[in-house]
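*Asks:* If you scroll down you'll find the structure; I have some questions about it.
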Amino acid sequence: MNTLLTVRDLRKTFRGGRGLLGKGPATVAVNDVSFEVQRGTTFGLVGESGSGKSTTARIVSRLLDADSGSVLLEDRDLLAVRGRQLLEARRKVQMVFQDPFASLNPRWKVGSLVAEGMRIHRLGSAAEHRARVTELLEQCGLPADAAGRYPHEFSGGQRQRIGIARALAVQPDLLVLDEPVSALDVSIQAQILNLLNKLQEQLGLTYLFIAHDLAIVERFCDEVAVMCNGEIVERGSPEVLYKAPKHEYTRALLHAVPVPDPRRRRQPISQRRVDEQVST
Amino acid sequence: MQTRPSTATGLSTTSSALLSIRDLSVQIGPVAAVTGLSMDVAPGEFVGVVGESGSGKSVTARAVLGLLPSHAKVTGSVKLEGEEVLGASPQRLRRIRGGKVGLVFQDALAALDPVYTIGDQLVEALQAHRDVSRKEARQRAADLLDEVRIPKPVEHLDSYPHQLSGGMRQRVVIASALIADPDLIIADEPTTALDVTVQRQVLDLIGDVCARRGASVVLITHDLGVVAETCDRVAVFYGGLLVEEADTVTLFEKPRHPYTKALLRSLPRLGVQAQFEAIPGNPVQVRNLLASCPFAPRCEVAADECRDDVPPEFRDDLGRHRCLVVGRAAS
């Protein structure tokens, strides 16, 4: 196994000052974050809102600049490249966004949306783009006539498939998946996760998976890092991390997940009601 | 012991139900949002309403509160303590909303007015329902903030919504739902926008506070984990139809409707390493009149007759469901 992505000492501070009444205090969103992702595997970043997981994802995708640190894709530092090399780096790292209703331009047909990356990166002729779009849509489980339709004609799950096809169009090495299923219904989440698993197997893709749902991360990722207040507090394989969490925050997070088993309620509400009636 | 509905189906045969919905159908534009819904909530009961987006769960909540758009076509009956809500005058509806029935919405930031302080908003809500002085109302508001475990309640009366975190804001919304001592709280996805650790606190809070007051709760959610931990009884909605209802343990251990079964299988669970079991296809939005089982296109066991008509309701000791195949096999 070889390392595809190496993140070293990443740091990002957001300056205050967007408020009405002048400058607020600075926020350290990402504080000395380091991790590596092996080629062909899935690395999960979990945490609650404000933990810095999405900021990290955005820096890796070069949608945000870091204050310091490095993001190596193989041995090239994505944060240092400019011009033509930056364009090439952007091709290799593609992102799938959380909200499939907001991330697709409603005025474009699906075919153009999926082909946009190929046009920007000049990968082949228009005819080749059309052929590739058909292939991608099929690969992502969309109907053959999807290319000629608009995003609003599709359900949330199908739109997320379009988002995935769009990301795959430029043959990236790394997909940054920022909460790709959290906006979807439960029955659809599993479809999309299974699709991502299948694509990873077929194409040898590497995933950086950002999520807050611990149960999904457990099954989907080869390695997990738990983020809190901009720092990675714990890291390991899901088997180890979930069975024997070392950090207090990981334990709190795991404890908070609702368990879909009514017999394992911490304290059933009806029981609580009975207790209270007994005590009064 | 708590009051229980008199039958396992959750439908009361006497008039003891706090909320009693009979044969409710709602059509909004071309969409049949709810079809033939009957459902009861007994005093002090916690009922979960589960479904995907577009299943009709929020539309039902809005029908109970008279909050549907004026072009919605509503038929059937919704009774609160025996009094009909559908077609009630605006004045009566205003007394019901926030008075008899408290509301907790998903988005606490949208539910609160950004230009008024927390105290102003709670005082306004209380004075709309009770004849109390401003001073008394402020005292009552501070007590409530304390009850929903907001630290320094008196100081926070003068805070604006944006000065509070998401979890704190949701507590304020819960406080405003409770202010006129309602008998029923309808909570529509109250924790969906919150982080898990905050979700846990807010759920515990709703549970504790409502149990202490003896209020009934209808918890609308898409999260079966949340339901398993909080509700006495669960109703599962699909395509505007109540497809299955049973007490919580029965529903999780002996689900009967194919949709409930598939939903439970698709659930990611901590500590269970297996493939994700997806339900094929996409959720429906029912156009015009519902004339078949809405789940039939995605169902593994669907028979031809499932596509001919809306499946009838089957009732027994375990609960009720609307699966023709399962119901016929049992009889």
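*Asks:* Note down the relative contact order for chain B as a percent, whole number, built from C-alpha pairs under 8 angstrom at least six residues apart.
*Replies:* 22
*Asks:* May I pose another question? Could you work out how far apart the two model spin labels at A:Ser237 and B:Arg94 are, taking each label as a point 7 Å from the Cα in the direction of the beta carbon, and quote it in nm?
*Replies:* 6.5
*Asks:* While we're here: Out of all DSSP beta bridges in region A:101-258, what portion is antiparallel? Express it as a percent rounded to 5.
*Replies:* Taking every DSSP beta bridge with both residues in region A:101-258, the antiparallel ones total about 50 percent.
*Asks:* Continuing with this model, one more query. If neighbour count is taken as other Cβ atoms inside 10 Å, put A:His129, A:His152, B:His129 in order from fewest to most.
*Replies:* A:His152, B:His129, A:His129
*Asks:* Only counting other Cβ atoms within 10 Å, I'd like B:His71, B:His321, A:His255, A:His121 sorted with the fewest neighbours first.
*Replies:* B:His71, A:His255, A:His121, B:His321
*Asks:* Same structure again: Hey, got the dipole for region A:132-246? About the Cα centre, +1 on K and R Cβ, -1 on D and E Cβ, debye to the nearest 20?
*Replies:* That gives region A:132-246 a dipole magnitude of about 140 debye.
*Asks:* If you take the charge dipole of region B:103-234 about its Cα centre, with +1 on Lys and Arg Cβ and -1 on Asp and Glu Cβ, which of B:His162, B:Leu145, B:Leu224 is farthest toward its positive end?
*Replies:* Ranked along the dipole, the leading option is B:Leu145.
*Asks:* Mind running the shape call on region B:74-200? Use the C-alpha gyration tensor, a ≥ b ≥ c as the square roots of the eigenvalues: rounded below 1.5 for a/c, prolate if a/b tops b/c, oblate otherwise.
*Replies:* oblate
*Asks:* What's the magnitude of the charge dipole for chain B around its Cα centre, counting Lys and Arg as +1 and Asp and Glu as -1 at the beta-carbon? Answer in Debye, nearest 20.
*Replies:* Value, rounded to 20: 340 debye.
*Asks:* What is the gain in length, in nm to one decimal, between B:Leu86 and B:Arg130 on full extension, counting 0.36 nm per residue of separation less the C-alpha to C-alpha distance?
*Replies:* 13.4 nm
*Asks:* Any idea how far apart A:Glu116 and A:Ala102 come out in nm if each label point goes 7 Å out from Cα toward Cβ?
*Replies:* Each label point lies 7 Å from its Cα, and together they span 1.5 nm.
*Asks:* While we're on this one: Taking the simple approach of a point 7 Å from Cα along Cα-to-Cβ for both B:Glu253 and A:Glu74, what is their distance in nm?
*Replies:* Placing both labels 7 Å along Cα→Cβ, they lie 5.7 nm apart.
*Asks:* Mind putting a number on the dipole of region A:118-172 about its Cα centre? Charges go on the C-beta only, +1 for Lys and Arg and -1 for Asp and Glu, and I need it in Debye to the nearest 20.
*Replies:* 220
*Asks:* Give the cysteines in the protein assembly as shown for which no other Cys Cβ lies under 4.7 Å away, or write none if there are none.
*Replies:* Result for the protein assembly as shown is A:Cys140, A:Cys221, A:Cys228, B:Cys210, B:Cys231, B:Cys299, B:Cys323, no neighbouring Cys Cβ within the cutoff.
*Asks:* Still on this structure: Going by C-beta contacts inside 10 Å, put B:Cys231, A:Cys140 in order with the fewest on the left.
*Replies:* Going from least to most buried by this count: A:Cys140, B:Cys231.
*Asks:* Compare the Cα positions of A:Leu136, A:Ile232, A:His121 along the charge dipole of chain A (+1 at Cβ of Lys, Arg; -1 at Cβ of Asp, Glu; about the Cα centre) and return the one farthest towards the positive end.
*Replies:* The Cα lying farthest towards the positive end belongs to A:His121.
*Asks:* How much of the DSSP bridge set in chain B is antiparallel, in percent, rounded to the nearest 5?
*Replies:* 60
*Asks:* Within region B:84-109, whose backbone N sits under 17 Å from a point 7 Å along Cα→Cβ of B:Ser70?
*Replies:* B:87-94
*Asks:* Shifting gears a bit: Report the calculated FRET efficiency for A:Arg263 and B:Asp181 (r = Cβ-Cβ distance, R0 = 25 Å), to the nearest 0.05.
*Replies:* 0.15
*Asks:* As a check on your grasp of the helix formula, calculate [θ] at 222 nm for the protein assembly as shown: sum -39500 (n - 2.57) over DSSP H runs of n ≥ 4, divide by the residue count, round to the nearest 500.
*Replies:* After summing the helix terms and dividing by residue count, I get -10500 deg cm²/dmol.
*Asks:* Using 0.36 nm per residue, how much length does the chain from B:Asp317 to B:Gln285 gain when fully extended, once their Cα-Cα distance is taken away?
*Replies:* Taking 0.36 nm per residue and subtracting the Cα distance, the gain is 8.4 nm.
*Asks:* Here's something else I'd like to know. Quick one: work out the % antiparallel among DSSP beta bridges in region B:121-260, nearest 5.
*Replies:* Roughly 55 percent of the beta bridges in region B:121-260 run antiparallel, per DSSP.
Read-outs throughout are calculated quantities, based only on the coordinates presented, and are distinct from any laboratory measurement. No experiment lies behind these values; they were computed from the predicted model shown. Every residue, glycine among them, receives a Cβ derived from its backbone with ideal geometry; neighbour counts consider all protein chains shown.
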